[in-house]
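Undergrad: For reference, the structure I am asking about is given below.
The values are calculated or read from the model by the stated rules, or taken from the named source; none is laboratory data. Here the structure is a predicted model, which is why all the values come from computation and not from measurement. In this analysis, Cβ positions are derived from the backbone assuming ideal geometry, glycine residues included, and neighbour counts consider all displayed protein chains.
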Amino acid sequence: MPASFANSHLSSSTNLKRKAYNDDDNIDHPRKLPAIAEHNASRPLQQNRSAINVSKLGVGPPPLTKPRGPAITTARTTRATSAPLKPSAVPRPASRVALASRTGVARTTSGPLAPTVISTQFQTLQSQVASIEHARAADVARLAADMDSERSKVAELQANHLAMSRELATARTQELSQRRDLVNASDELDALRKKHAREVMDIEMDLKKRDREIRELNEDLRIVRGDLERERDAGTLLKATVAQQSTAQITLQAQNSALQAQIGALQSSCDFSADTVTKLRLDLEMAQKRVEVLEQDAREAEMVRRRLHNMVQELKGNIRVFCRVRPLLPSDLPTNIDDVERARAEALANVVYPDQRDHREIVLSASSESATGQERKETWSFGFDKVFEPHSTQAEVFEEISQLAQSCTDGYNVCIFAYGQTGSGKSFTMEGGSASSTVGMIPRAVDQVFQATEDLKSKGWEYTLEGQFLEIYNETINDLLGNGEFDKKKHEIKHDKSGTRVTDVVVQALHSPAHVRALLARANSRRTVAATLMNERSSRSHSVFTLRIRGTNALTGEACSGALNLVDLAGSERLNASGAGSDKERLKETQSINKSLSALGDVIAALGEKSEKGDKHIPYRNSKLTYLLQNSLSGNSKTLMVLNLSPLAAHLNESLCSLRFATKVNNTTIGTAKKQTKSTS
Ligand SMILES: Nc1ncnc2c1ncn2[C@@H]1O[C@H](COP(=O)(O)OP(=O)(O)OP(=O)(O)O)[C@@H](O)[C@H]1O
């Protein structure tokens, strides 16, 4: 292997790949062989060879025949060998003159040459041919020698080529193996790098974990230090407390000793108290017996009181009349007035209440001009069982009514009705407002009855209560507790021994005052719904709430039944058919109200006459109202009429009419109320 080649292959391993590529180039483009390089470093082999031939051929005479080249000589070599044989150098037959001149033979143009000349020329030519032949032979010998030399060189070159090919193959094998080694080394390096990166990552994570742990530990340490600080403080505090407790313990021990002494004293006192308690128990038992006796006395006194009340009622006659004047309302005054007091004075009717002791009198007065132009003052005085002034409260009114309402628990039929013109306060009196101070007579009476039944339980009475709430509008009965549409269902009034009953109406068992209030609210809402269909319906209809009560006494074997009717009458203002104009509904309403109110007056008048004469037909059937209240208006019932009056001067005439009607009722005596009791034994 040549030194340069060997050296190139022994260069460092890092240049292995690059070197391999260079060697490939060398394979495609072989370098000059070292033998040639040594022989002629600056010129190519062929040029060299041509140069040799030219130098050799150029000196001798040109051969007559084209010399044949060696077998291995290329075409170029052949041409190069014959190149020196220029046409000008070869003698041509055509220029015989020139030849002759050169050989010295003279030639004539007109005849053939002499035989001597020709012979001379021939000899010359033969010698020339011989010399050429000789030169050619020498040339051939030289060429053969050259050929041998060239062949040996070629053989040498082929040997070199073979050796170099082998070296090249070996080098390639080595290169391949080195490349494989390199690839392996590169893979190994990659694997090592990855492993290294993983290890670095693991170490970094580990480091972070450690950092975190250190931070946590530092935090724990900080907390523990804080705890320790607190514990130290607590310890100091505890020490102080222990010191205090020790002092306190000493004090307590001293107190304990003192208390022990006190306990001894108290023990003896306790023994004494036990004796006292025993004595007091005996006293208590005696007192309880006395209370029982007193309660019995009280019950008997209550019975006496009720008997006396009923006796008073009987003596007074069974129709009583209360008169109540409502206060002036802001809505009664015109809006946007400057002098309210003056407006009030002008709006109010002249009403006085002279009887300030018994409150039984009401006096109305008014000034008018006579036909002669003189001022005339008229005064009207009325007396009733009670007169309530505008400032009277619901409670004050009910106080006068409560005994009457309660008497239904004794088996009486009671009827309380509110009479008066529209807006005079009938609904306020009977139903009242939602506030406890404004609650009306119906809820109060219900409360009272429930309370009485509770109280009478101790005397052996058990009661069942039931109620119904009806409306009479245009002489049609509607059930305010029912579900049916108003003015559609036909209800009939039936009277029999057990009392008054209306067909197809809801009669609710009453369990508590709250239950009754819920029913009243329901009735009112039904009425309100109906009122949207027909304006002012509540003013134009009568409402009758009936509470029926039945009681039995297991101790005495008695039984009783009574009814409490609470009636809010339609507005009593004088209505006439012409006032209703063309409104047919209004006309019908007016006729119905007139009919029922005058029927009520007729019934009361007839009852009065009957009690005087003893025999009189009572026209109950003239209206639904009187027929419904028949059992509560008859001689053996208790009836109270509350006359409601408007305080307004504008309503004076209506008030006078109402007062006259109430006086008529008040002056009627309709006999003695009778208890409906029977013995069940
Ligand atoms: N004693 C009173 N104290 C305070 N306000 C009263 C009193 N009496 C009635 N009122 C009020 O006067 C107004 C008319 O009263 P209410 O509706 O009771 O009259 P009414 O005679 O029932 O009328 P209607 O026939 O239209 O039902 C109501 O706003 C009521 O609150």
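Undergrad: Only one of LEU628, LEU607 is surrounded by 16 or more Cβ atoms within 10 Å (Cβ to Cβ) and modelled with pLDDT under 90; which?
TA: Details: LEU628 fails: modelled with pLDDT under 90.
Of LEU628, LEU607, the one residue that is surrounded by 16 or more Cβ atoms within 10 Å (Cβ to Cβ) and modelled with pLDDT under 90 is LEU607.
Undergrad: Next up: Being within 16 Å of the ligand (Cβ to nearest atom), more than 30 Å from LEU652 (Cβ to Cβ) and of a type outside the set (Gly, Ala, Ser): is that true of PRO513 here? I'd like the intermediate steps shown before the answer.
TA: Working: within 16 Å of the ligand (Cβ to nearest atom): no; more than 30 Å from LEU652 (Cβ to Cβ): yes; of a type outside the set (Gly, Ala, Ser): yes.
No: the conditions fail for PRO513.
Undergrad: Given the structure, is GLU346 within 16 Å of the ligand (Cβ to nearest atom), part of a helix (DSSP H, G or I) and acidic (Asp, Glu)? Working first, answer last.
TA: Details: within 16 Å of the ligand (Cβ to nearest atom): no; part of a helix (DSSP H, G or I): yes; acidic (Asp, Glu): yes.
When the stated conditions are applied, GLU346 does not pass them.
Undergrad: Looking at SER427, SER367, SER407, SER402, which one is polar (S, T, N, Q) and either at positive phi or not in a helix (DSSP H, G or I) (or both)? Talk me through it step by step, then tell me what you get.
TA: On the way: SER427 fails: either at positive phi or not in a helix (DSSP H, G or I) (or both); SER407 fails: either at positive phi or not in a helix (DSSP H, G or I) (or both); SER402 fails: either at positive phi or not in a helix (DSSP H, G or I) (or both).
After applying the criteria, what remains is SER367.
Undergrad: Filter segment 332-355 down to residues that are within 54 Å of the chain's Cα centre (by Cα) and among the charged types (D, E, K, R), then give me how many there are.
TA: 1
Undergrad: Something else: If PRO112 satisfies all but one of (1) touching a helix residue (DSSP H, G or I) at 6+ places or on another chain (Cβ under 8 Å); (2) in a loop (DSSP other than H, G, I, E, B); (3) at pLDDT 50 or above, what's the number of the condition it fails?
TA: Checking PRO112 against (1) touching a helix residue (DSSP H, G or I) at 6+ places or on another chain (Cβ under 8 Å); (2) in a loop (DSSP other than H, G, I, E, B); (3) at pLDDT 50 or above, the one that fails is (1).
Undergrad: Would you tally the residues in segment 413-427 being surrounded by 24 or more Cβ atoms within 10 Å (Cβ to Cβ), closer than 21 Å to THR626 by Cα and near the ligand (Cβ under 6 Å from one of its atoms)?
TA: The qualifying residues number 2.
Undergrad: Within segment 428-469, count every residue that is among the hydroxyl-bearing types (Ser, Thr, Tyr), within 14 Å of the ligand (Cβ to nearest atom) and modelled with pLDDT of 90 or more.
TA: Step one: of segment 428-469, the residues among the hydroxyl-bearing types (Ser, Thr, Tyr) are 429, 434, 436-438, 453, 458, 463-464.
Of the ones still in play, those that are also within 14 Å of the ligand (Cβ to nearest atom) are 429, 434, 437-438.
Still in the list and also modelled with pLDDT of 90 or more: 429, 437-438.
Residues that pass the stated criteria total 3.
Undergrad: A follow-up question, please. Quick one: is GLY557 at pLDDT 85 or above, farther than 21 Å from PRO619 by Cα and surrounded by 23 or more Cβ atoms within 10 Å (Cβ to Cβ)? Explain how you work it out, then say what you get.
TA: Details: at pLDDT 85 or above: yes; farther than 21 Å from PRO619 by Cα: yes; surrounded by 23 or more Cβ atoms within 10 Å (Cβ to Cβ): no.
For GLY557, the condition - at pLDDT 85 or above, farther than 21 Å from PRO619 by Cα and surrounded by 23 or more Cβ atoms within 10 Å (Cβ to Cβ) - is not met.
Undergrad: What residue, among those in segment 314-342 that are at pLDDT 80 or above and assigned to a helix (DSSP H, G or I), is farthest from the ligand (Cβ to nearest atom)?
TA: Checking each candidate, the answer is ARG342.
Undergrad: Can you tell me which residues in segment 394-412 are small (Gly, Ala, Ser) and within 16 Å of the ligand (Cβ to nearest atom)?
TA: Here is the first cut: in segment 394-412, the residues small (Gly, Ala, Ser) are 395, 402, 405, 407, 411.
Once the filter is applied, which keeps residues that are small (Gly, Ala, Ser) and within 16 Å of the ligand (Cβ to nearest atom), segment 394-412 yields only ALA395.
Undergrad: Still on this structure, please answer the following. Would you call ALA405 under 30 Å from THR556 (Cα atoms) and in the same structural domain as GLU589 (by TED's automatic domain parsing)? Can you show your working first?
TA: Values: under 30 Å from THR556 (Cα atoms): yes; in the same structural domain as GLU589 (by TED's automatic domain parsing): yes.
Yes.
Undergrad: Same structure, new question: For residues in segment 525-546 being within 13 Å of the ligand (Cβ to nearest atom) and either in contact with a helix residue (DSSP H, G or I) (Cβ under 7 Å, 6 or more places away or on another chain) or over 30 Å from ASN413 (Cα atoms) (or both), which is modelled with the highest pLDDT?
TA: Within segment 525-546, the subset within 13 Å of the ligand (Cβ to nearest atom) is 527-528, 531, 535-543.
So of that shortlist, the ones also either in contact with a helix residue (DSSP H, G or I) (Cβ under 7 Å, 6 or more places away or on another chain) or over 30 Å from ASN413 (Cα atoms) (or both) come out as 527, 531, 535-538, 540, 542.
Details: ARG527: 75, ALA531: 55, ASN535: 47, GLU536: 62, ARG537: 65, SER538: 66, ARG540: 81, HIS542: 91.
Selected residue: HIS542.
Undergrad: Any idea which residue in segment 568-604 is modelled with the lowest pLDDT, counting only those that are touching a Ser or Thr at 6+ places or on another chain (Cβ under 7 Å) and among the β-branched types (Val, Ile, Thr)?
TA: This residue is ILE604.
Undergrad: Suppose we filter segment 359-384 for residues that are surrounded by 10 or more Cβ atoms within 10 Å (Cβ to Cβ) and in contact (Cβ under 8 Å) with a residue 12 or more places away in the chain; how many remain?
TA: The qualifying residues number 15.
Undergrad: Still on this model: Can you tell which of TYR473, TYR463 is over 47 Å from the mean Cα position of the chain (by Cα), over 30 Å from GLN296 (Cα atoms) and of a type in the set (Phe, Trp, Tyr)? Give the steps one after another, and end with the answer.
TA: On the way: TYR463 fails: over 30 Å from GLN296 (Cα atoms).
One residue alone meets the criteria, TYR473.
Undergrad: Continuing with this model, one more query. Can you find a residue that is under 24 Å from ALA521 (Cβ atoms), at pLDDT 95 or above and within 14 Å of the ligand (Cβ to nearest atom) anywhere in segment 371-393? Quick ask: steps written out before the conclusion?
TA: The initial filter retains those residues of segment 371-393 that are under 24 Å from ALA521 (Cβ atoms), namely 393.
Then drop every residue that is not at pLDDT 95 or above, which leaves 393.
Those still in the list that are within 14 Å of the ligand (Cβ to nearest atom) too: 393.
Among the residues of segment 371-393, at least one is under 24 Å from ALA521 (Cβ atoms), at pLDDT 95 or above and within 14 Å of the ligand (Cβ to nearest atom), which makes the answer yes.
Undergrad: Is there a residue in segment 447-460 that is β-branched (Val, Ile, Thr) and under 21 Å from ARG324 (Cα atoms)? Lay out the reasoning, then the answer.
TA: Our first condition is that a residue be β-branched (Val, Ile, Thr); within segment 447-460, this holds for 449, 453.
Keeping just the survivors that are under 21 Å from ARG324 (Cα atoms) gives none.
Looking through segment 447-460, none of the residues is β-branched (Val, Ile, Thr) and under 21 Å from ARG324 (Cα atoms).
Undergrad: Moving on. Output the residues belonging to segment 379-399 that are of a type in the set (Gly, Ala, Ser) and assigned to a strand (DSSP E or B). Before the answer, list the steps.
TA: Kept after step one, since they are of a type in the set (Gly, Ala, Ser), are these residues of segment 379-399: 381, 383, 392, 395.
Residues satisfying the conditions are SER381, GLY383.
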